[in-house]
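Report on the structure given below.
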There are 2 protein chains.
Amino acid sequence: MRILILGGDGYLGWPTAMHFSAQGDEVLVVDNFCKRRIEMEDGIEPLEPIPTLHRRVALWKEVTGKEIGLRVGDLVNHRFIYSVLEEFQPDAIVHYAEQPSAPYSMQGREQAVFTQSNNVIGNLNLLFAMKKHCPDAHLVKLGTMGEYGTPNIDIEEGYIEIEHKGRKDVLPFPKQPMSFYHLSKVHDSHNIMFACKTWKLRATDLNQAVVYGIDTDQTRLHPELRTSFHYDAVFGTVLNRFCVQAVMGIPLTVYGKGGQTRGILNIRDTLQCVELAVRNPAVAGECRVFNQLTEVFSIMEMARMVKDAAEQHGFKVQLDHITNPRVEKEEHYFNPVHTKLVDLGLKPRLLSEELLEHMLQYIQSVRDKVNPATIMPTISWSR
Amino acid sequence: MRILILGGDGYLGWPTAMHFSAQGDEVLVVDNFCKRRIEMEDGIEPLEPIPTLHRRVALWKEVTGKEIGLRVGDLVNHRFIYSVLEEFQPDAIVHYAEQPSAPYSMQGREQAVFTQSNNVIGNLNLLFAMKKHCPDAHLVKLGTMGEYGTPNIDIEEGYIEIEHKGRKDVLPFPKQPMSFYHLSKVHDSHNIMFACKTWKLRATDLNQAVVYGIDTDQTRLHPELRTSFHYDAVFGTVLNRFCVQAVMGIPLTVYGKGGQTRGILNIRDTLQCVELAVRNPAVAGECRVFNQLTEVFSIMEMARMVKDAAEQHGFKVQLDHITNPRVEKEEHYFNPVHTKLVDLGLKPRLLSEELLEHMLQYIQSVRDKVNPATIMPTISWSR
């Protein structure tokens, strides 16, 4: 298949590109490097340096003999994305090309506006470009479980049958997003549903949970094919951060009570899920929604699992309940349905001691590169 | 009260400004004249020319002795709206300042992107400006009934109690917006709900139906205090357009079957509703939603009512089912709840033969100004 990966420089975009290329698909990656710019702005770095995308694409060719195409540009520039679609004529478009940090989006007006205009307008331009140049292509769009918030009912996959005053209908699941970033994804979801209904485009909206993990079959092929591992308060996801804290002897920073409950999945399962979506496309006019997670834990449960795994390897680990920088419920019901990807064949790779051990060992091996100054949250949600 | 009217040059903004000023409130109007620019772009005009906002503000002073303040600027320029709020310190902000046309938003990529970035970013800047300079002010935001689409269940006012698998919660009512314009209002609604919850702002989101009518107590005070009356395919609302067609001997253009059912309200009731919201503010942290309509009719019912009223005054009226330029259900259930404004004291002024007669008479008196070339829809929703 001809697969376009938007946001191909990122934590998930780059492994996704290699994953498809390794299977013989024709892959083109696109990035505007906006995440690298934000890293500069906030003085943060991935745990190990990530070579330029040009360098990695060249290295991929050296190592595997396979070509990944590269175009540098910004979806907010519609001429760019129109020309990419016109020339590449993708069968599937995997769209990761959005500002991905909730804390960044809450830093202030400028960051909130950047997040929403970059994400929403970029995605709108993409929809118009698809309409014009490849209306039969399948859009696989990365959303987030944070679009739903924490309702007191089970979270269905995108749609819910509601019975009300003796009548019923299947309607989009109500959204209660948790930051200006999560809001941008809700806006995208609504725009995509509308484009599918009105223009008969086809899309899969993957409401992904918190991703953890370091490597995939392809990142392991060469040290410089690694993907960016973030543990900082801006881009670091909670499990990755806890593992770094455990290794460094920094107390695990649990935000508030830690009863916040979230879905998680391994980075390798992200690739599996995206591939299942790509290989089993939506039909014309359909906007499917999959909840992309494999397990559910509270923040306290995650902290205790990391503590237990780390202590078995001789690390001394403390938990620290710090003031919650976010406005969120710290104790709540949370039961997301996630069967659609399993029905397509997903074989989850669950968080086990072995996986945590592998992460802890890796972090230990590069511990002198950790910058502890970037771990504590400095961005507050409330006014 | 100190009342800021954003979008004070518009069909509803200008009458709202005069309505509050007449009662002794201190009123400041803001506009960037983007609707007038779009009129230029598309070669359309209101039925009668509308003097500049500067001229109308000066005339209002001449006629009534009362002052309405005026600031010209764009909400997308955050420095502008920050300075307005810092200086004026409003008690209430009535926010009409958005690109208001669904067909315009469907004209092409540029118009869709303009609509969403103008509306969403302008509203985001406003929320940040309120947070900084007047966090206790009450935002009265104009939404639209078109945010809901046409679900097969009753449309509640913004929130719905959902019982699901033995649990329940009150959640935002699911949205199925009908154009990129309606989508922009859905995005705003989500952003506003989040800001109220996270920053303890207070807001009322008025999901307004299709407004019709020509004048209010204040527009009648002087011919040049009139408000803009549109009957064209871009800004004209359906009843206003039907009345013009009836007078001009042009067949009433019913889109498709005409079973599309919509709420309507008189322009005077818009003023009543906005005033009820302003005088009875939301509490801190609350984002109320009111469905702002007084009656519900199908397009065919509206066409027949206009035909009947016009024929009683000697006009000869035909109905013409033209190809529907929109993608929408032409037969559907539609039952929006609208009791919250009534509970606050709304006394609806229902569409009667008398109201239609008044509109027909007015249009007849200026019939030589009608430009029939702007009535037929030229913008198609589908690809």
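The values are calculated or read from the model by the stated rules, or taken from the named source; none is laboratory data. What you are looking at is a predicted structure, and each value in this text was computed from that prediction instead of being measured. Reconstructed Cβ throughout: ideal geometry from the backbone, glycine too, with neighbour counts over all protein chains shown. For accessibility, only protein heavy atoms count, side chains too; no ligands or nucleic acids. Shrake-Rupley method; radii C 1.70, N 1.55, O 1.52, S 1.80 Å.
Just a few scattered comments:
- Listed pairs A:Lys185/B:Lys340; A:Lys141/A:Lys197; A:Lys35/A:Lys175; A:Lys141/B:Lys141 exceeding 22 Å between Cα atoms: A:Lys185/B:Lys340; A:Lys35/A:Lys175; A:Lys141/B:Lys141
- According to the calculation over all Cα-Cα pairs in the stretch B:78-225, the P(r) per 10 Å bin from zero is 10, 33, 33, 20, 3, 1, 0 %.
- Working from Cα pairs under 8 Å separated by at least six residues, relative contact order for the stretch B:174-324 is 34 percent.
- Amide H to amide H distances under 5 Å link A:Tyr159 with A:Phe173, where only residues 5 or more positions off or on other chains count and H is placed in the peptide plane.
- Considering only A:Leu126, A:Leu346, A:Leu201, the Gaussian network model of chain A with Cα springs below 10 Å gives its largest mean-square fluctuation to A:Leu346.
- Accessible area buried at the A-B interface, both sides summed, 1.4 Å probe (Å², nearest 100): 5100 Å²
- HN-Hα J in Hz across the stretch B:9-21 - Karplus 6.51, -1.76, 1.60, θ = phi - 60°, x for Gly and Pro: 8, x, 3, 9, x, 5, x, 5, 4, 5, 4, 6, 4
- Inter-copy separations for A:Asn77, label at 7 Å along Cα-Cβ, nm, ascending: 2.7
- Taking amide H atoms as placed 1.01 Å from N in the peptide plane, the amide H of A:Glu295 lies under 5 Å from those of A:Ile264, each 5 or more residues away in sequence or on another chain.
- Nm distances between copies for A:Lys165, ranked from closest, using label points 7 Å along Cα→Cβ: 2.7
- Of the Cα atoms belonging to the stretch A:51-161, the radius of gyration and Dmax stand at 17.3, 52 Å.
- Whole-angstrom Cα spans of the stretch A:209-249 along principal axes, big to small: 29, 25, 14
- Cysteines without a disulfide-compatible neighbour (Cβ-Cβ under 4.7 Å), chain B: B:Cys34, B:Cys134, B:Cys243, B:Cys273
- Once the 1.4 Å probe is applied to the protein heavy atoms, the protein assembly as shown comes out at 35 Å² accessible per residue.
- Contact order for the stretch A:143-199, expressed relative to its length and based on alpha carbon pairs under 8 Å spaced 6+ residues apart, stands at 38 percent.
- Across chain B, the mean sequence separation of Cα contacts (distance under 8 Å, 6 or more residues apart), normalised by length, yields a relative contact order of 19 percent.
- Placing a label point 7 Å from the Cα of A:Gly314 along the Cα-to-Cβ direction, the distances to the matching points in the other copies come to 10.5 nm, shortest first.
- Computed from backbone phi with θ = phi - 60° and the Karplus coefficients 6.51, -1.76 and 1.60, the 3J(HN,Hα) list for the stretch B:248-259 is 7, x, 8, x, 5, 8, 8, 6, x, 5, x, x Hz; x is used for glycine and proline.
- Each listed q (0.13, 0.23, 0.29 Å⁻¹) maps to a log10 I(q)/I(0) for the stretch B:136-187, found by the Debye formula over equal Cα scatterers with no solvent: -0.40, -0.91, -1.12.
- Using the Karplus relation 6.51 cos²θ - 1.76 cosθ + 1.60 with θ = phi - 60°, the per-residue 3J(HN,Hα) values for the stretch B:73-83 come to x, 10, 5, 5, 8, 5, 4, 4, 6, 4, 5 Hz, with x marking Gly and Pro.
- Residues in the stretch A:149-173 reached by a label modelled at B:Lys329 [backbone nitrogen below 17 Å; 7 Å Cα→Cβ]: A:159-173
- Other residues lying with their Cβ under 11 Å from the Cβ of A:Phe334 contribute a combined charge of 0, Lys and Arg counting +1, Asp and Glu -1.
- Whether the stretch B:290-383 is rounded, prolate or oblate, judged on the alpha carbon gyration tensor where a/c under 1.5 counts as rounded: oblate
- Cα pair distances exceeding 17 angstrom across the stretch B:152-237, given as percent: 67 percent
- Residue-averaged [θ]222 nm for chain B, counting only DSSP H segments that reach four residues, each worth -39500 (n - 2.57): -11000 deg cm²/dmol
- Chain A residue nearest the rotation axis toward B, with distance: A:His187, 2 (Cβ to axis, whole Å).
- Net +/- balance of residues flanking B:Glu39 in space, Cβ distance below 10 Å, scoring K and R +1, D and E -1: -1
- Inter-centroid distance (Cα atoms) of the stretch A:316-345 relative to the stretch A:252-279, Å: 9 Å
- Each principal axis of the Cα cloud of chain B was taken in turn, and the coordinate range along them, longest first, works out to 63, 57, 42 Å.
- Translational diffusion coefficient (Stokes-Einstein; Kirkwood radius from C-alpha pairs) of the protein assembly as shown at 37 °C, 0.692 mPa s, in µm²/s: 119 µm²/s
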